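FYI, it's all coordinate maths here, none of it is from the lab. Predicted model, so just to flag it, every value in this text is computed and none were measured. Positions of Cβ are generated from backbone atoms using ideal geometry, with glycine treated the same way; all protein chains shown enter the neighbour counts.
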Amino acid sequence: MSRTSRPTTPLPDFCRLPAVAALFAVGALTVTLMWLAPDNARGWRGYSVGMLFVTWLSVLIALALCYARRWLQRLGGWMPYAGVWLLIELVVALASVVARWMDIALQLDLVHTTPAAFVRDNLLITALLGAAMLRYFYVLAQWQARLAAVAHAKVDALQARIRPHFLFNSMNTVAALVRVDPAAAERTIEDLCELFRAALGHSERGQPGHEGTLGEELTLIERYLAIEQLRLGERLRVRRELDGLPADYPLPRLLLQPLVENAVRHGVQPLREGGEVVLRGHVAERALHIEIGNPLPPGPGTPGHGHGLTNVRQRVAWRYGARATVAAGPQQDRFVVQLRLPLDPPPAEDA
């Protein structure tokens, strides 16, 4: 009989610099506050020794948690954090015993309390600070999980809908081409199938998922533009400057295609003479730069570039973090959306 598994709360990655820096920052802040206490008379020598001890402890704790994280993560509920707390206490106890023994053996006279009191005080301080720090990590993990759930829900909402007007126009295009150009009608149906497959969140292998690649997204954009080219004809002109882009770059599905669709719908379609959509991309300063531009129609035009852009900004922020940016706005007589994505994005979290 299978047992029901308890939900697992993700632990911080103690092998990465942010978690190690947090450990050191908490320890350094504690030493500084103790040094600034009114009854402290140890001076700079005591402060330097304390900072050295905290640095040593931070490295030891980070190494222990880094190697133990894989086993601790298998526990459910609060148990991973309880295991981290106990492991921190064990490391501090062993390190305190070693440090006090070295102080006595080398006659450095750096610690003026008994060995038992030294270990006891360090354990009490670590117990309080460790509990507070782990509580912070737990709340942060819960917040990130909720943010991921909201982001996935918005991705699902975007993928689950194809604008009715686009589907209606595409089917009318297919109906008009069936007798005139059956081959073009067949290609249009194939392009529509690919768009629906992406909208339903399925990869080429038939597995559901939200993560794709830049090459797959550009292929999807070309299929969409092929359909719109048949509908708008010479009114739609596309200029592509996308040489040298990494095709295997991880990219959320349907991230760029809605921006191109907005460019066609709000920039080219309202103009009687049509217009040019410009797709640019290049790699610079360890980042991938993508730009999508379209002409600005005279007058107020049809409202657009609102909800879709907000959705893209939130998905980019969730997937790539603070190093990624999305900028959009008029530039002379064109509306331009610019994305800057780091070349080394963090690994995608599972839904």
*So which GluC sites (Glu not before Pro) in segment 234-340 pass both tests, a DSSP loop state and at most 11 other Cβ atoms within 10 Å of the Cβ?*
E273, E285
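Fewest Cβ neighbours within 10 Å first, please rank M102, M79 accordingly. Show your work: numbers first, answer last.
Details: M102 12, M79 15.
Ranking M102, M79 by Cβ neighbours within 10 Å, fewest first, gives M102, M79.
Just need the relative contact order of segment 17-144 here, percent rounded to a whole number, with Cα pairs under 8 Å and 6+ apart. It would help to have the intermediate numbers written out before the result.
On the way: 74 pairs, mean separation 28.0, N = 128.
Computed over segment 17-144, the figure is 22 percent.
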*Starting from the Cα of H282, step 7 Å toward the Cβ, then list every residue of segment 234-254 with an amide N under 19 Å from that point.*
239-247
*Would you please give the residues with an amide H less than 5 Å from that of L288, counting only those at least 5 places away or on a separate chain, with H modeled from the backbone geometry?*
L341, L343
*If you plug each phi of segment 81-86 into the Karplus form 6.51 cos²θ - 1.76 cosθ + 1.60 with θ = phi - 60°, what whole-Hz ³J(HN,Hα) values come out, in order, with x for Gly and Pro?*
6, 5, x, 5, 4, 5
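Based only on other Cβ atoms within 10 Å, what is the fewest-to-most ordering of I125, I88?
Numbers: I125 14, I88 24.
In increasing order of surrounding Cβ atoms, one gets I125, I88.
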*Whole Å is fine, so just give me how far the alpha carbon centre of segment 238-291 lies from that of segment 51-114.*
51
